[in-house]
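Single-structure report; data block below.
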Amino acid sequence: MYKVHPLVVGQAHVGAVLDVFWSLTRQQGLVEVPILAFLIEGGPEPILVDTGMREPERATGVHRLGPHSKSREQSLQAQLALHGLEPGDIRTTLITHLHYDHAGGMELLPNSRFVVQRTEIMAAAAPMGPAELEIGSKDMFFDRKDIAAVVDSLWDRVDMLEGNKQILPGIEAVLYPNSHTPGSQCFYVETEDGTVALVGDMVRKVDLNVDKAIPPGLFYDLESMMRALADIKGRADLIYPAHDPHIARLGTGYTGPFDT
């Protein structure tokens, strides 16, 4: 059976007004949220899910967000080293979606192949955000440097999926089109504790998004997002959102059964 390890690869300080989308807060100021990747062990090879961000300064300068940071201990290299691994040991990396804080570390993995949905690459290469968008810019949280790498220097190592696919026995990729992004995918992993859902940003707050079916604030189509949340709820025994302080602190996800 597989085991899932959260990797803390940075943190973001987002405005609490923006966090209204995620927690219904009305407080002012900044809210600190972790940026997580995940390591899957127990199979024929270690598998990475997501890679974190590039230079933290790009979050402010390019994406018009609050301050981001990444300590030396939070580098992808250091987080892998906690599990006795180096970046070169990773041969397969699963990308939930191509936003800057999930796809920014791909070039650090010299031997890995990258599993991405084709629809996600298409959307990231030609996003439809308005130029006047104050948060996220017209690139809609996709980083030009990341996408340039995907379609150029990393292209021969990109495995494009067209929908659902079994990655290995016990690891399945499920596409949820037009949910958080046009090509967001969840990875379901069979563990001793049940089916783990590595949901990327389709779930931000389990109590709101899954238990109460209140969708997170950033999505492309409401009906698609609601269907995704319902399907995740029905499949998962544990849910691991990618920006949850509970997971960063305790190293475990949220266990069902989830409220109806």
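The values are calculated or read from the model by the stated rules, or taken from the named source; none is laboratory data. Just so it is clear, the structure is predicted and the values come from calculations on it, not from any experiment. With ideal geometry, Cβ positions are generated from the backbone for all residues, glycine too; neighbour counts draw on all protein chains shown.
Go through the stretch 133-191 and count every residue that is closer than 27 Å to P215 by Cα, aromatic (F, W, Y), at pLDDT 95 or above and outside any loop (DSSP other than H, G, I, E, B).
Matching residues across the stretch 133-191 total 2.
From the list R118, R204, pick out the single residue that is among the basic types (K, R), at pLDDT below 95 and on the phi < 0 side of the Ramachandran plot.
On inspection, the qualifying residue turns out to be R204.
Being touching an Asp or Glu at 6+ places or on another chain (Cβ under 9 Å), at pLDDT 95 or above and of a type in the set (G, A, S): is that true of A230 here?
no
Can you name every residue in the stretch 48-78 that is among the β-branched types (V, I, T) and either modelled with pLDDT of 95 or more or surrounded by fewer than 18 Cβ atoms within 10 Å (Cβ to Cβ) (or both)?
Kept after step one, since they are among the β-branched types (V, I, T), are these residues of the stretch 48-78: 49, 51, 60, 62.
V49, T51, T60 - these are the residues of the stretch 48-78 that are among the β-branched types (V, I, T) and either modelled with pLDDT of 95 or more or surrounded by fewer than 18 Cβ atoms within 10 Å (Cβ to Cβ) (or both).
Tell me, yes or no, whether the stretch 227-235 has at least one residue that is within 26 Å of P46 (Cβ to Cβ) and surrounded by 14 or more Cβ atoms within 10 Å (Cβ to Cβ). Can you show your working first?
Going residue by residue through the stretch 227-235, those that are within 26 Å of P46 (Cβ to Cβ) are 232, 235.
With the extra rule that they be surrounded by 14 or more Cβ atoms within 10 Å (Cβ to Cβ), the set shrinks to 232, 235.
So far as the stretch 227-235 goes, yes, one or more of its residues are within 26 Å of P46 (Cβ to Cβ) and surrounded by 14 or more Cβ atoms within 10 Å (Cβ to Cβ).
For a quick check of your reading of the model, give me the residue pairs whose first member lies in the stretch 174-196 and is free of Cβ contacts under 8 Å to residues at least 24 places away in the same chain and of a type outside the set (F, W, Y), whose second is outside any loop (DSSP other than H, G, I, E, B) and surrounded by 24 or more Cβ atoms within 10 Å (Cβ to Cβ), with beta-carbon atoms closer than 6 Å and at least 6 apart or on different chains.
That search, which allows pairs on different chains as well, returns nothing.
So, in the stretch 200-214, exactly how many residues are within 16 Å of the chain's Cα centre (by Cα) and part of a loop (DSSP other than H, G, I, E, B)?
6
Name the one entry in E162, E192, E223, E120 that is of a type in the set (D, E, K, R) and closer than 14 Å to L94 by Cβ. Before the answer, list the steps.
Numbers: E162 fails: closer than 14 Å to L94 by Cβ; E192 fails: closer than 14 Å to L94 by Cβ; E223 fails: closer than 14 Å to L94 by Cβ.
Sole residue among the options that is of a type in the set (D, E, K, R) and closer than 14 Å to L94 by Cβ: E120.
Could you check how many residues of the stretch 58-110 are out of contact with any Gly (no Cβ under 7 Å at 6 or more places or on another chain), in contact (Cβ under 8 Å) with a residue 24 or more places away in the chain and acidic (D, E)?
Residues in the stretch 58-110 being out of contact with any Gly (no Cβ under 7 Å at 6 or more places or on another chain), in contact (Cβ under 8 Å) with a residue 24 or more places away in the chain and acidic (D, E): 2 in total.
To keep it simple, each residue is scored yes or no on (1) at pLDDT 75 or above; (2) touching a helix residue (DSSP H, G or I) at 6+ places or on another chain (Cβ under 8 Å).
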{"residue": "K3", "(1), (2)": "yes, no"}
{"residue": "A12", "(1), (2)": "yes, yes"}
{"residue": "A16", "(1), (2)": "no, no"}
{"residue": "F21", "(1), (2)": "no, no"}
{"residue": "V31", "(1), (2)": "yes, yes"}
{"residue": "P34", "(1), (2)": "yes, yes"}
{"residue": "F38", "(1), (2)": "yes, no"}
{"residue": "E41", "(1), (2)": "yes, no"}
{"residue": "P44", "(1), (2)": "yes, no"}
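Please enumerate the residues belonging to the stretch 227-249 that are in a helix (DSSP H, G or I) and either among the hydroxyl-bearing types (S, T, Y) or within 18 Å of the chain's Cα centre (by Cα) (or both).
Once the filter is applied, which keeps residues that are in a helix (DSSP H, G or I) and either among the hydroxyl-bearing types (S, T, Y) or within 18 Å of the chain's Cα centre (by Cα) (or both), the stretch 227-249 yields A228, L229, D231, I232, K233, P245, H246, I247, A248, R249.
For the stretch 158-166, state whether one or more residues are touching a residue at least 60 places away in the same chain (Cβ under 8 Å) and either of a type in the set (D, E, K, R) or out of contact with any helix residue (DSSP H, G or I) (no Cβ under 7 Å at 6 or more places or on another chain) (or both).
no
Test A197 against the criterion of being within 17 Å of L94 (Cα to Cα) and modelled with pLDDT of 95 or more, and give yes or no. Lay out the reasoning, then the answer.
On the way: within 17 Å of L94 (Cα to Cα): yes; modelled with pLDDT of 95 or more: yes.
So A197 passes the test.
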